[in-house]
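Reading through the structure tokens given below for one structure.
The values are calculated or read from the model by the stated rules, or taken from the named source; none is laboratory data. What you see is a predicted model; the values in this text were computed from it and never measured. All Cβ positions, glycine included, derive from the backbone under ideal geometry; neighbour counts span all protein chains shown.
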Amino acid sequence: MSRVELRGVTKRYGTTEVVHGIDLAIAHGEFVVFVGPSGCGKSTLLRMICGLEPVSGGQVLIDGKPMRGVPPAKRGVAMVFQSYALYPHMNVAANMGFSLRMSGVPASERDARVRKAAAILQLDALLDRLPKELSGGQRQRVAIGRAIVREPGVFLFDEPLSNLDAELRVQMRLELTKLHRQLGTTMVFVTHDQVEAMTLADRIVVLRDGRVEQIGTPIELYERPVNRFVAGFIGSPKMNFLSGRILSVAGDRLAVEVPGLPSPVDLTGGSGRSVGEEVAIGIRPEHLAVSAAAPHSFEADIEFVEQLGGTSYLHAPGHPAGPLIIHHLGAVAHDQQRVSVGFDPRHCHLFSADGISIGPR
Ligand SMILES: Nc1ncnc2c1ncn2[C@@H]1O[C@H](COP(=O)(O)OP(=O)(O)OP(=O)(O)O)[C@@H](O)[C@H]1O
Ligand SMILES: [Mg+2]
């Protein structure tokens, strides 16, 4: 288990800076997930920790030691990529033991480590198979096995589940959680899938355009996103944003007028705000209900419904306050209909016009 620290890490390709001074401390045994849209710098950051890519500024430290000039093989890290090329002519055992053989680990120890990793990954019965005789999930487990046998202080995963079908992804996600519990090794995992991030992470680092937007536990990010970007990124389907205007301010309380809502919404977050200011109320689909009974209710025209069996998503793309999605438990009879939608202001987030969270705090 190792500690990983990034201090003001930047990355430039030519004159273009793609990572802009990242500070982050990852504790012993922590499972940290980097999440963010394509091109935000997740892989670059991971490759700088690994040593495959030099940093342009700042430093990476592992267990307090600066890593500048230390080659990947000497950092005590093992990386698993999305496209994990297994050697097609070698069986599972040879694939898993390959890096140990290259670094001169004696055959008996190599064998023991491969068997131990195979047992953890339930690959014991497959050690003699060739990669082409394995399923996608089994091949992915061999790729993880190759990393495990090296007994690294840190595992670095770059979207290792992206090539798997939906069911296998869920299964591998659970296996990774189990693996982390069993080994207790520090893990840094990159994904653009927020469900993967939520379910795997001790802490999530949300990145955008080479900058950290927010760092926190999955629930902290879900409950207290610092801005609209994080609010929209964490949670599925994403948070609804109702555009409105501040009607009155009294101390920390304010009332927001929203087009299509019959009465203003009372919220906290008023300090420093002024009447007339444009704001957005954020409310998650699961906090809207098809009901007129909640503290606030309004009418919405549902244009289409996604039926998932146990739940339905009702879409009202043309609502005057902005496009809405409502999460409904159970099935819904008709597609096009007008419904009463209820919500409780306690579930609302408030964002200023520039997207910063202003309440509740
Ligand atoms: N070798 C390179 N030369 C120039 N620019 C690069 C190079 N590698 C990456 N970039 C740029 O750096 C930025 C970050 O890339 P990176 O691969 O880290 O993104 P990512 O978050 O991993 O995206 P994805 O989810 O698509 O994998 C992108 O804008 C990319 O175009
Ligand atoms: Mg990437």
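Okay, here's what the table says:
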item	result
Residue match in the stretch 160-171 (condition: within 16 Å of ligand 2 (Cβ to nearest atom), in contact (Cβ under 8 Å) with a residue 12 or more places away in the chain and of a type in the set (D, E, K, R))	no
Residues within the stretch 13-22 that are part of a strand (DSSP E or B), over 13 Å from GLY36 (Cβ atoms) and near ligand 1 (Cβ under 9 Å from one of its atoms), tallied	2
Tabulated pairs, the stretch 98-109, first farther than 18 Å from ALA73 by Cβ and assigned by TED's automatic domain parsing to the domain that holds PRO88, second among the polar types (S, T, N, Q) and at pLDDT 95 or above, C-beta under 8 angstrom, 6+ apart or interchain	none
Scan of the stretch 144-163 for residues that are assigned to a loop (DSSP other than H, G, I, E, B) and more than 16 Å from ligand 1 (Cβ to nearest atom), ordered by number	VAL149, ARG150, GLU151, PRO152, GLY153
Count - residues of the stretch 319-361 that are under 15 Å from GLU306 (Cβ atoms), free of Cβ contacts under 8 Å to residues at least 12 places away in the same chain and under 28 Å from the mean Cα position of the chain (by Cα)	0
Exclusive hit being at pLDDT 90 or above, within 24 Å of LEU221 (Cα to Cα) and in the same structural domain as VAL249 (by TED's automatic domain parsing), set PRO285, PRO317	PRO285
Top-ranked residue of the stretch 47-96 - restricted to ones that are under 21 Å from MET187 (Cβ atoms) and of a type in the set (D, E, K, R), ranked as nearest to the chain's Cα centre (by Cα)	ARG47
Conditions (1) under 30 Å from ILE26 (Cα atoms); (2) crowded, with 17+ Cβ neighbours inside 10 Å: number failed by GLN59	(2)
Strands (runs of 3 or more DSSP E) wholly inside the stretch 248-292 containing at least 2 residues that are without any contact (Cβ under 8 Å) to a residue 60 or more places away in the chain and among the charged types (D, E, K, R)	253-257
The lone exception for ALA78 - which of (1) aliphatic (A, V, I, L, M); (2) touching a Lys or Arg at 6+ places or on another chain (Cβ under 7 Å); (3) more than 23 Å from HIS192 (Cβ to Cβ) it fails	(3)
Close pairs from the stretch 35-53: first under 19 Å from ARG3 (Cα atoms) and assigned by TED's automatic domain parsing to the domain that holds GLU196, partner among the hydrophobic types (A, V, I, L, M, F, W, C) and in a loop (DSSP other than H, G, I, E, B), Cβ under 7 Å, at least 6 apart	MET48/VAL55; GLY51/MET67; GLY51/VAL70
Residue that is farthest from GLU30 (Cα to Cα) [pool: residues in the stretch 188-209 that are surrounded by fewer than 19 Cβ atoms within 10 Å (Cβ to Cβ) and more than 12 Å from ligand 1 (Cβ to nearest atom)]	VAL195
Residues of the stretch 23-51 classified as within 19 Å of ASP63 (Cβ to Cβ), among the hydrophobic types (A, V, I, L, M, F, W, C) and within 16 Å of ligand 1 (Cβ to nearest atom), total	7
All positions within the stretch 13-39 that are among the β-branched types (Val, Ile, Thr) and either more than 16 Å from ligand 2 (Cβ to nearest atom) or touching a Lys or Arg at 6+ places or on another chain (Cβ under 7 Å) (or both)	THR15, THR16, VAL18, VAL19, ILE26, VAL32
Any hit, the stretch 60-74, residues being on the phi < 0 side of the Ramachandran plot and within 16 Å of ligand 1 (Cβ to nearest atom)	yes
Subset of the stretch 110-143 [touching a Gly at 6+ places or on another chain (Cβ under 9 Å) and either assigned to a helix (DSSP H, G or I) or farther than 23 Å from MET79 by Cβ (or both)]	ARG110, ASP111, ARG113, VAL114, ALA117, ALA118, ILE120
Extreme residue, farthest from the chain's Cα centre (by Cα), among residues of the stretch 210-223 that are among the charged types (D, E, K, R) and surrounded by 14 or more Cβ atoms within 10 Å (Cβ to Cβ)	ARG211
Qualifying residues in the stretch 201-245 (those that are in contact with an Asp or Glu (Cβ under 6 Å, 6 or more places away or on another chain) and part of a strand (DSSP E or B)) - the one nearest to VAL341 (Cα to Cα)	GLY244
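Okay, residues lined up against (1) within 16 Å of ligand 2 (Cβ to nearest atom); (2) at pLDDT 95 or above; (3) loosely packed, with under 15 Cβ neighbours inside 10 Å:
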position: LEU130; (1), (2), (3): no, yes, no
position: SER135; (1), (2), (3): no, no, yes
position: VAL142; (1), (2), (3): no, no, no
position: VAL149; (1), (2), (3): no, no, no
position: VAL154; (1), (2), (3): no, yes, no
